[in-house]
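This report concerns only the one structure given below.
The values are calculated or read from the model by the stated rules, or taken from the named source; none is laboratory data. Fair warning: this is a prediction, and the values are worked out from it, not measured in the lab. Ideal geometry is used to build each Cβ from the backbone, glycine not excepted, and the neighbour counts take in all protein chains shown. Ligands, DNA and RNA are excluded from the accessible area calculation, which covers all protein heavy atoms including side chains. Shrake-Rupley method; radii C 1.70, N 1.55, O 1.52, S 1.80 Å.
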Amino acid sequence: AQSDAPPPTDVVSQEYLATGSGDHAGNMPVAPLGIVIDELQAGALVILQQEVQDVVFSMELDRARWRVSLASDWLRGALSVARDGGPSNLQIDHLDLDRLPDFKLPDGASESARDLPVIDVTLSNLFQSAQRLGELNFGLYGQGGVFSADRITGELAKLRLSAERPGRLVWHRGEENYTEVQANLDFDDLGETLEYFGYQRVVETV
């Protein structure tokens with residue numbers, strides 16, 4: 001005999017969810033879509049018109065933030081950018097200046113296209129000529145072709161920039177193309193700094 005009784009509750013619920021009908025579908029939370037790329041090996045990667053060889057990069061993208069990390073023989077670091085306009089961070093664990101490619105910013109771009117949001121930069125290990133120069137922290141931003149590094153602190157070739165007297169660097173792009181540096185440097189022996197850059201130790205501070 002055929003029964004006119006309604007199907008069990010769990011069967012009805014499954015049908016509503018499968019077809020998207022009824023009040024249940026409207027109340028279902030929607031999970032944010034995320035994109036993850038983990039340690040992808042790239043034989044060549046083009047960054048700012050410069051081809052970079054043998055790079056391993058990872059990427060995480062979601063609604064709130066995206067994060068990209070790169071690893072090569074001259075650079076290891078990660079950039080994290082908030083998509084709501086919040087603070088962005090660049091953490092560089094290793095940077096070798098001798099192997100740094102000659103990056104070029106696009107000349108044909110408009111002034112507004114050259115703008116750079118504020119990025120808090122932590123440079124943990126800076127190397128040149130197989131020597132560790134030091135570490136730096138600063139805020140980086142750009143507007144209208146003028147790029148600035150503010151609140152520079154840390155140590156570079158035995159020269160120290162304290163939080164009480166941070167340094168500042170401004171790079172003006174364009175036909176004049178010049179750089180301004182403001183820094184109050186502390187040091188123990190200036191002769192050690194000269195040796196770092198390959199000069200004779202003609203000065204010694206005691």
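Suppose all protein chains stay in the model; what accessible area per residue would a 1.4 Å probe give for segment 32-84, in Å²?
67
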Magnitude of the Cβ-charge dipole of segment 54-105, K/R +1 and D/E -1, about the Cα centre, nearest 20 debye? 300
A 1.4 Å probe over the protein heavy atoms gives segment 143-206 a carbon and sulfur accessible-area percentage of 49
Using a 1.4 Å probe on heavy atoms of the protein chains only, the accessible area for Arg99 in Å², nearest 10, reads 130
Whole number in Å², please: accessible area per residue of segment 153-206, 1.4 Å probe, ligands, DNA and RNA not counted. 73
